[in-house]
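The values are calculated or read from the model by the stated rules, or taken from the named source; none is laboratory data. All values derive from a computational prediction rather than experimental measurement. As a convention, Cβ positions derive from the backbone with ideal geometry for all residues, glycine included, and neighbour counts pool all protein chains shown. Remember, those area values only see protein heavy atoms, side chains included, never the ligands or the DNA or RNA. Shrake-Rupley method; radii C 1.70, N 1.55, O 1.52, S 1.80 Å.
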Amino acid sequence: MSSIHDRLGVERVINAHGTVTVLGGSVMAPAVLAAMAGASQGFVDVALLHHRAAAHIADVLGVEAACITSGASAGLTVATAALLARGRPEVLASLPTVPVLDAGPVADRVVVLASHRMAYDRAILVAGAQLAEVGPDRFAEVVAGPGVAIAFYAAHAADLPGSLSLQEFAATAHRHGVPVLVDAAAELPPETNVHRFLAEGADLVVFSGGKEIGGPQSSGLVLGSATMTEWCRTLVTPYDGVTRGMKIDKETIAGLMTAVELWWSRDHAAVARSRQEAVDTVVSALGSMPGVTAWTGHPSTPGVQPVGIPRAYLRHEHRTADDLRDALRAGRPAIAVGVEDDRIAVNPQCLQPGDLEPLVAGLVAAFSR
Ligand SMILES: *Cc1c(COP(=O)(O)O)cnc(C)c1O
């Protein structure tokens, strides 16, 4: 426990909710912190550092190219600005106002399926684009129309009614020369998703560095096309225009690069097994309690990510899920859990060594009241 947390009297929470920013997103490994501390000890050409670190990350992950950003949300804004401007300095300089050039109108519309609208798509508007919201029936028509810069697809919504597969979506967009940007911020695990969305037709895909990867909380990756990630890189290291608030620093670059190396080379199957064991332990401890139903499963509520991690689901016949969640959070130690529909969702993703025992004890205490 950090002495700063203690000094300020801000108590630690057992995180059985997930990589949510309100609880701190992720915990960095000692090697990641050491890389950040080392990087802060001297001055360097930050653009060159970013260029080389991004090339190294692309090599490690086996993708064409990368840009490091200050989070996935920043990545969406940076990628949007990059794709509106497409390397034209006069467009970049006037964003978030999209200029009218003598050479013709600059594209300013980002096509999004209505079923994929979500809180984070505000990040697109920040760059100066408009969202053109369509249903699958009108998608081809709107993508073919004037002024379209980017087609945007939230991967987490792939199975929703009113959606299209990424392959279909990208094929249509590419027929009209429109690039495809995918928000996959919380789509890890499985680690194969690093390649999946690009293989399915995304030109750029955005991941959070501060979730499953375990990098600095305010870090992210834009992966994909060499030309487009190069446009993105010039907008963050640093740039004084629309993306100034999204600059990255040498510590974040060093920390994310190290986190990617550790995460990519870890034993993913062993991590998955220990997560399964954790939810099995919770279910066997609570399943025999009177009035409690307990089972393991994967999220099916749209927007709850990542679906690849199993959850322990708990329901009490006389208590609402919201009431139980609040009781757990007010307990000692404080425990944070998710609620999906009418059930408590215990996510093992962020449990730290030693957390499982007090987590189970806290759950048993809350559910027996
Ligand atoms: C978490 C998340 C984001 C924001 O990611 P940051 O790295 O915190 O900026 C954006 N989109 C989706 C779908 C997310 O889950």
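Annotations for the structure displayed:
- Solvent-accessible area of Tyr120 with every protein chain in place, 1.4 Å probe, in Å² to the nearest 10: 130 Å²
- Counting protein heavy atoms only, the chain has 55 percent of its accessible area on carbon and sulfur, 1.4 angstrom probe.
- In this rough spin-label picture, where each label sits 7 Å from Cα along the Cβ direction, the Arg86-Arg369 distance is 5.9 nm.
- Isotropic mean projected area of the C-alpha convex hull, region 175-330 (nm²): 13.1 nm²
- Computed with a 1.4 Å probe over protein heavy atoms only, the accessible area of Ser165 comes to about 40 Å².
- D (Stokes-Einstein, µm²/s), Kirkwood Cα radius, region 264-318, 0.692 mPa s at 37 °C: 263 µm²/s
- Gain on full extension, evaluated as 0.36 nm per residue between Thr320 and Thr227 minus their Cα-Cα distance, stands at 28.3 nm.
- Given +1 at the Cβ of Lys and Arg, -1 at the Cβ of Asp and Glu and no other charges, the dipole of region 140-245 around its Cα centre is 220 debye to the nearest 20.
- Here region 88-131 has an Rg and Dmax of 12.1, 36 Å, counting Cα atoms alone.
- Descending principal axes extents, the chain, alpha-carbon based, whole Å: 73, 55, 35
- Per-bin percent of Cα-Cα distances, region 287-366 [5 Å]: 3, 14, 27, 27, 19, 8, 1
- Cβ-Cβ distance of Ala144 and Ala272, R₀ of 45 Å, FRET efficiency by 1/(1 + (r/R0)^6): the value works out to about 0.60.
- Cα-based values for region 1-78, radius of gyration first and Dmax second, are 16.3, 46 Å.
- Helical content of the chain, expressed as a calculated mean residue ellipticity at 222 nm, amounts to -12000 deg cm²/dmol (DSSP H runs of 4 or more residues, -39,500 (n - 2.57) each, divided by residue number, nearest 500).
- Distant alpha-carbon pairs in region 53-102 (separation over 16 angstrom), percent: 53 percent
- Accessible surface, the chain, averaged per residue in Å² (probe 1.4 Å): 44 Å²
- Accessible area in the full protein assembly, largest first, 1.4 Å probe, for His195, His50, His298: His298, His195, His50
- When each full DSSP H helix of the chain is screened for a Cα extent of at least 24 Å along its own axis and an average Kyte-Doolittle hydropathy of at least -0.5, the helices passing are 268-286.
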